[in-house]
Amino acid sequence: MAQSETSPSGTYDLLIVGGGVNGAGIARDAVGRGASVLMVEQDDLASYTSSASTKLIHGGLRYLEYYEFRLVKEALTERERLLKMAPHIMWPMRFVLPHSKLVRPAWMLKAGLFLYDHLASNMTLPKSRAIDFRTHSAGQPLKSDYTKGFVYSDGWVQDSRLVVLNTMDAAERGADVRTRTRLINATRQNGLWQAELEDRVTGQTTTVQARALVNAAGPWVARLLADTLKIPNSKSVRLVKGSHIIVPKVFDGPQAYIFQNPDKRIVFAIPYEQKFTLIGTTDIPWKEAPGKVGIAPDEISYLCESVNRYFKTAVKEGDVVWSYAGLRPLYDDASANASAVTRDYVLDLDTQDGAPLLSIFGGKITTYRKLAEHALEKLAPVLPAVAGKSWTANEVLPGGDIGDGGFDAALARLSRAAAWLPANLAWRLIRNYGSRAYEIIGEATSLQEMGTVLGGDLTTREVDYLIQREWARTAEDVLWRRSKLGLHLNEEEKRKVADYIEQKVT
Ligand SMILES: Cc1cc2nc3c(=O)[nH]c(=O)nc-3n(C[C@H](O)[C@H](O)[C@H](O)COP(=O)(O)OP(=O)(O)OC[C@H]3O[C@@H](n4cnc5c(N)ncnc54)[C@H](O)[C@@H]3O)c2cc1C
């Protein structure tokens, strides 16, 4: 049965379609400027590209080769800001780049790294330097053919948690957030959008009214325009699949590796979830409809070969414990090669017939906050509700106020305040929730008071928090997007999590 709904004030200022990093970032920024916002996501938050990235907060060293100076400068500036906004889910990382004379000459790497160190003005991370693998500990896992290389800084992010934290902040500031809700139709009437939404759990449809529509549908951006809104647009996206494999830890230490391939592409090997190494990614043009995608056997072989050129310990197909893949929604700049397509973003504003429509083509996790600012600057002349000052540059995300001394000091404080917490659980709570760890613990004074242990150190109290505060509705939401506990629990424990959530949410 169809229902008609409006915001408390009658009409939303902004209806945002897409609960990936770009939709969530725009929702947060807009509501903080005083706009009334509704964000709809057809599945779970970050179900698609925003949980399938390499999880780097980076300027993109490789993009310098394609002269993407604007993008790299903006991304490096954002890197510094983001690392301060949510130090629990983002942290600096050193990247080791072995020199392989068959791919790029050393002078080129040196020049690129010099530029990378100096392109933005506010950089605080340690600068790059040359290292000798015969004496430096980072050389230990590498084959003896590699004797020289460089080390430089970038950042790491728990990508799907970044989306959740932006959404939480938006909701806490008053945004209406509806997950598992799809925009199925929208038309302009008398200068407003009339939008039809489908609740994908109940099948019920509702109609809402909004002054402006933001199309942040990622891989669906062009289809939403053409098929749902029936609005012609000359811009389009190139979908490029990227896949990753996870294998048991191949090397020790906190550093990541960036390897150059003979095809000129690069592949990362990154310490992951304490016991694992994350290896990626690939660049495969994708011609089919967007949706859930998986890794292909030849991508697994390509990734294994890429790291086996460098590491002493061989990685085999059989070592893969998990893999994931996603579609990059890249702005189509007509490049011949998938690796060369611009990683920059384009914002397209359509103000025909009154009600504005802003579509987002492309974008990186790293630049989502700046993209949101640019999106609202573009909308402001036609949507006064978002004309307020930009405010997100120095505002922490939920849980990001972890206090003086950074992560280690925050962990020490929690361990003192709740000395009964097992060390690994305390560490995990600060890593995932920052200061919100205290909200999860609440009045509990012992592990027993955290409820039933469902598997590993996951208690029902933590799952309740994820359901009540973070829109978790299924075991997959909890095990693979709110956390990566899916890598650590066995099948029976995962089933217990699923059973618990099922009886809680139905
Ligand atoms: C392999 C790979 C590696 C990457 N690595 C990095 C990296 O290391 N660092 C970095 O900065 N960036 C990286 N990126 C890029 C980054 O992940 C993306 O640019 C970013 O996540 C895109 O976010 P988005 O919000 O535009 O899209 P998405 O996250 O896909 O969100 C769009 C959402 O819209 C929803 N939607 C679509 N249609 C509808 C509808 N009709 N109604 C309701 N909802 C709808 C979808 O369900 C989806 O959740 C990588 C990308 C890939 C694929």
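FYI, it's all coordinate maths here, none of it is from the lab. For clarity, every value in this text was computed on a predicted model and none was experimentally measured. We place every Cβ from the backbone using ideal geometry, glycine too, and count neighbours over all the protein chains shown.
Neighbouring Cβ atoms within 10 Å as the yardstick, rank Thr313, Thr54 fewest first. Don't skip to the answer; put the middle values down first.
Details: Thr313 14, Thr54 20.
Lowest count first: Thr313, Thr54.
Please report Ile360, Ile131 as a ranked list, fewest other C-beta atoms within 10 angstrom at the top and most at the bottom. Mind dumping the intermediate values first?
Working: Ile360 29, Ile131 18.
Final ranking by Cβ density, sparse to dense: Ile131, Ile360.
Order by neighbour count: Asp477, Asp457, fewest other Cβ atoms within 10 Å first, most last.
Details: Asp477 24, Asp457 20.
Starting with the residue having the fewest Cβ neighbours, the order is Asp457, Asp477.
Report the convex hull volume per residue for the range 406-505, counting only C-alpha atoms, in Å³.
On the way: hull volume 9.2 nm³, N = 100.
That works out to 92 Å³ per residue.
Return the calculated 222 nm mean residue ellipticity for the chain, to the nearest 500 deg cm²/dmol, obtained by summing -39500 (n - 2.57) across DSSP H runs with n ≥ 4 and dividing by the residue count.
-8500 deg cm²/dmol
Among bridges DSSP assigns within the chain, what percent are antiparallel (round to 5)? It would help to have the intermediate numbers written out before the result.
On the way: 63 of 83 bridges.
Taking every DSSP beta bridge with both residues in the chain, the antiparallel ones total about 75 percent.
Taking the mean number of other Cβ atoms within 10 Å as a proxy for protection, how do you rank 409-418, 444-453 from highest to lowest?
Numbers: 409-418: 16.4, 444-453: 14.1.
In decreasing order of mean packing, 409-418, 444-453 become 409-418, 444-453.
What does the charge dipole of the range 277-385 about its Cα centre add up to, to the nearest 20 debye, if the Cβ of each Lys and Arg holds +1 and the Cβ of each Asp and Glu holds -1?
Values: 11 positive and 15 negative charges, 92 e Å.
In debye, rounded to 20, the range 277-385 gives about 440.
Could you tell me the calculated FRET efficiency between Ala387 and Phe407, based on Cβ-Cβ distance and R0 = 45 angstrom, to the nearest 0.05?
Values: r = 37 Å, r/R0 = 0.83.
Approximately 0.75, to the nearest 0.05.
Does the chain come out rounded, prolate or oblate, given a ≥ b ≥ c as the square roots of the eigenvalues of its C-alpha gyration tensor, rounded meaning a/c under 1.5 and, failing that, prolate meaning a/b above b/c?
Values: a/c = 1.65, a/b = 1.22, b/c = 1.35.
Because a/c hits 1.5 or more and a/b fails to exceed b/c, the chain counts as oblate.
Could you give the length gained on full extension between Lys378 and Glu491, defined as 0.36 nm per residue of separation minus the Cα-Cα distance, in nm? Intermediate values should be presented prior to the final figure.
Values: separation 113, 0.36 × 113 = 40.68 nm, distance 4.84 nm.
Here the answer is 35.8 nm.
The range 332-417: which chymotrypsin sites (Phe, Trp or Tyr not before Pro) are DSSP loop and have at most 14 other beta-carbon atoms within 10 angstrom? Display every interim value, and only then the final one.
Numbers: sites: Tyr345, Phe361, Tyr368, Trp391, Phe407; in loops: Tyr345, Trp391.
Answer by residue number: Trp391.
Would you mind working out the magnitude of the charge dipole of the range 406-505 relative to its Cα centre, with +1 at each Lys and Arg C-beta and -1 at each Asp and Glu C-beta, to the nearest 20 Debye?
On the way: 15 positive and 15 negative charges, 64 e Å.
Dipole about the Cα centre, nearest 20: 300 debye.
Where in the chain are the DSSP H helices whose C-alpha atoms run 30 Å or more along the long axis and whose mean Kyte hydropathy is at least 0.0?
Working: long enough: none.
Taking the DSSP H segments of the chain (at least 30 Å long, mean hydropathy at least 0.0), we get none.
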